[in-house]
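A.B. asks: Take a look at this one; I'll ask things after.
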Amino acid sequence: MLQRITQVVAVAALTTIFAIGTAVAAPITIKFSHVVAENTPKGQMANKFRDLVAERLGDKVVVEVFPNSQLFGDNKVLEAMLLGDVQIGAPSLSKFERYTKSLQLFDLPFLFKDMAAVEKFQKSPEGQGLLMSMEKKG
């Protein structure tokens, strides 16, 4: 009887070890949801991100891109991220309004002269403060 229990425990332990080993070897999957076509700047950026991850991390991490609201629309993607249903989203900044009104700054037309001015602002203490303004909300 004791020998039978020992065998069952040994088989259970080996099964667990193999299951853990398989789980560790499985790639991490990141779902990236956005609402535009692949040939738009946002769509091209999503695909470039996927390609860079594949290039740098090989088969350890897989990024699946879902364009054209295939998974979630702009109104639902933030909630989906908070629930873990999608790991990356690219909604318009106006969708962050319920979390912080500060990001509405980027919706003001002609506020920045060009992309260099946007990047300079984002690297400034004020821009970094704006970036961190939602950290407490997840």
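The values are calculated or read from the model by the stated rules, or taken from the named source; none is laboratory data. Bear in mind that the values here come from a model prediction, so they are computed numbers and not experimental data. So basically every Cβ, Gly included, is an ideal-geometry build from the backbone, and we count neighbours across all protein chains shown.
A.B. asks: Determine which single condition Val61 fails, assuming it passes every other condition in (1) among the aliphatic types (A, V, I, L, M); (2) in contact with a helix residue (DSSP H, G or I) (Cβ under 8 Å, 6 or more places away or on another chain); (3) surrounded by 15 or more Cβ atoms within 10 Å (Cβ to Cβ); (4) modelled with pLDDT of 90 or more.
C.D. replies: (3)
A.B. asks: Taking the conditions exactly as written (farther than 26 Å from Ser133 by Cα and outside any loop (DSSP other than H, G, I, E, B)), does Val65 satisfy them or not?
C.D. replies: Yes, satisfied.
A.B. asks: Cβ-Cβ under 6 Å, sequence separation 6+ or interchain: first residue in the stretch 28-50 and in a helix (DSSP H, G or I), partner exposed (fewer than 14 other Cβ atoms within 10 Å of the Cβ). Which pairs?
C.D. replies: Gly43/Ala37
A.B. asks: Considering only residues of the stretch 67-91 that are surrounded by fewer than 15 Cβ atoms within 10 Å (Cβ to Cβ) and polar (S, T, N, Q), which is farthest from Val36 (Cα to Cα)?
C.D. replies: Checked the stretch 67-91; the qualifying residue farthest from Val36 (Cα to Cα) is Asn75.
A.B. asks: Let me ask something else about it. Do we find a residue being surrounded by 11 or more Cβ atoms within 10 Å (Cβ to Cβ), in contact with an Asp or Glu (Cβ under 8 Å, 6 or more places away or on another chain), touching a residue at least 12 places away in the same chain (Cβ under 8 Å) and in a helix (DSSP H, G or I) anywhere in the stretch 99-115?
C.D. replies: The answer is yes, given that some residue of the stretch 99-115 is surrounded by 11 or more Cβ atoms within 10 Å (Cβ to Cβ), in contact with an Asp or Glu (Cβ under 8 Å, 6 or more places away or on another chain), touching a residue at least 12 places away in the same chain (Cβ under 8 Å) and in a helix (DSSP H, G or I).
A.B. asks: Could you tell me which residue of the stretch 116-138 is farthest from Glu79 (Cα to Cα), considering only residues that are part of a helix (DSSP H, G or I) and touching a Ser or Thr at 6+ places or on another chain (Cβ under 8 Å)?
C.D. replies: Here the answer is Leu130.
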